[in-house]
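Quick one: this structure, given as C-alpha cells, is what I'll be asking you about.
The values are calculated or read from the model by the stated rules, or taken from the named source; none is laboratory data. None of the values given here were measured: they were computed from a predicted structure. Here the Cβ is made from the backbone with ideal geometry for all residues, glycine too, and neighbour counts use every protein chain on show.
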Amino acid sequence: MQEEGLSTSATVGLARLRAVFNGRVRVITAFSGGVDSTLVAAVARQVLGKDNAPAVIGDSPSLPRYELEAARQLAVELDLELIEVKPGEQDDEGYRANAGDRCYFCKTHLYESLKRLTEEMGIRYIANGTNIDDLGDHRPGLVAADEAQVISPLIEAGLGKQDVRQIAQELGLSNWDKPAAACLASRVPYGSEVTPELLKQIEAAEDVLRGLGFKGFRVRHHGQVARLEVPMDQLPKLMDDELRRAVTEGVRAAGYLYVSLDLEGFRSGSGNLALTVSASSRGTGE
C-alpha cells in the first residue's frame with residue numbers, strides 16, 4: 001500500500017486504525033472483498049504481518065461467483081493469506097425461513113466457522129468490517145457479532161464510510177470506490193424461503209445486467225416478477241429499445257416471467273421497507 005502524500009485526515013484515521021491492532025498479536029478478518037473489510041484486513045496485515053493476520057471469506061450460495069473471484073484477486077494484490085470456509089447457513093431452518101432476522105443466522109454460522117479456525121490456528125481475535133455508519137440500520141448480523149465477541153476495528157477507530165473510502169483511496173486500494181454489495185439473499189422478500197436454486201436464479205438475472213454494463217443495481221425477486229432497481233443516472237439507458245430488449249430477454253431466460261423497473265431506482269436496504277410498514281401497521285392497528 002502506498003502511504004506517501006496522505007492527507008492529514010487520512011493520516012490521523014489510519015493511525016487510529018493501526019492502534020486498534022497494537023497488542024492484539026494475531027487477528028483473523030471476516031473478509032468479503034468490500035472496501036470496509038479490505039481496509040481492515042490490509043491494515044491488520046501491515047501491522048501484524050501476513051502470518052498473523054489471515055483473511056477469511058465465507059463461500060456460500062448467497063455469494064455471487066464474480067464477488068468470490070474478485071475477493072481472491074484482491075487478496076493476491078494485497079498479499080493476504082486468504083482462507084475460504086463453507087458456513088453452511090443453508091442448512092439452518094431459521095436462515096431459510098427468511099424472517100427479518102435472516103442475517104443473524106447467516107452471520108452466526110460464519111462466525112462459528114471463524115471461531116473454529118481461530119481455535120485451530122491459535123488466534124484470539126475475529127475482526128469484521130463494520131463501520132460507525134452501519135450502526136443505525138436494521139442489521140441483525142451485528143447481534144451475531146456481539147455474541148461471537150467479534151471486534152470492529154473501524155468502529156474502535158471512529159471511522160465511517162466516507163473515512164474508509166478516503167483512506168482506502170489514498171492508500172491505493174483498488175476497490176476504494178466499490179459500491180456496497182449485499183448478499184444475494186437480500187434480494188428475496190422477507191417471508192419467502194431462501195434456497196440455493198432461487199439464489200442461482202437471482203445471480204443469473206444480475207449477471208445479465210452486469211454483462212450489459214449496469215453497475216450498482218439489484219434484481220429483487222417477487223415470485224415470477226423480477227423488479228430491477230437501477231441507479232437513477234442509469235435509467236435512461238433502458239429507454240434504448242435494443243438494450244431494454246436484451247435486459248428483458250436475459251432476465252426471462254434466468255427464469256422470470258415478468259421484468260419490471262422500479263421508478264425509484266436503486267435504494268440500499270429497500271427490502272427493509274416491508275419491516276417498517278409491518279411495524280407501522282401493528283402500531284396503528286391496521
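If you take the residues of the range 19-48 that are over 25 Å from Q169 (Cβ atoms) and out of contact with any helix residue (DSSP H, G or I) (no Cβ under 7 Å at 6 or more places or on another chain), which of them is surrounded by the most Cβ atoms within 10 Å (Cβ to Cβ)?
Within the range 19-48, the match that is surrounded by the most Cβ atoms within 10 Å (Cβ to Cβ) is R24.
While we're on this one: How many residues, within the range 81-95, are crowded, with 18+ Cβ neighbours inside 10 Å and either more than 19 Å from the chain's Cα centre (by Cα) or among the charged types (D, E, K, R) (or both)?
Adding up the residues that qualify gives 1.
Among the residues of the range 110-148, count how many are β-branched (V, I, T) and not in a helix (DSSP H, G or I).
Residues that pass the stated criteria total 3.
Is at least one residue of the range 115-129 in contact with a Ser or Thr (Cβ under 9 Å, 6 or more places away or on another chain) and among the small types (G, A, S)?
There is at least one residue in the range 115-129 that is in contact with a Ser or Thr (Cβ under 9 Å, 6 or more places away or on another chain) and among the small types (G, A, S).
Of all residues in the range 97-107, which are at pLDDT below 95 and either among the acidic types (D, E) or surrounded by fewer than 16 Cβ atoms within 10 Å (Cβ to Cβ) (or both)?
Once the filter is applied, which keeps residues that are at pLDDT below 95 and either among the acidic types (D, E) or surrounded by fewer than 16 Cβ atoms within 10 Å (Cβ to Cβ) (or both), the range 97-107 yields A99, D101.
Another question, if that's okay. Run down E119, E193, E156 and say which single residue is assigned by TED's automatic domain parsing to the domain that holds Q224, modelled with pLDDT of 95 or more and more than 19 Å from the chain's Cα centre (by Cα).
Only one candidate qualifies: E193.
Could you figure out which of (1) within 17 Å of the chain's Cα centre (by Cα); (2) within 20 Å of G5 (Cα to Cα) isn't true of Q166?
That leaves (1) as the condition not met.
Continuing with this model, one more query. Got a number for residues in the range 67-83 being among the small types (G, A, S) and either out of contact with any Leu (no Cβ under 9 Å at 6 or more places or on another chain) or outside any helix (DSSP H, G or I) (or both)?
Summing the residues that are among the small types (G, A, S) and either out of contact with any Leu (no Cβ under 9 Å at 6 or more places or on another chain) or outside any helix (DSSP H, G or I) (or both) in the range 67-83 gives 1.
Looking only at the range 49-66, which residues are surrounded by fewer than 18 Cβ atoms within 10 Å (Cβ to Cβ) and either in a helix (DSSP H, G or I) or in contact with a helix residue (DSSP H, G or I) (Cβ under 8 Å, 6 or more places away or on another chain) (or both)?
Residues satisfying the conditions are K50, D51, D59, R65, Y66.
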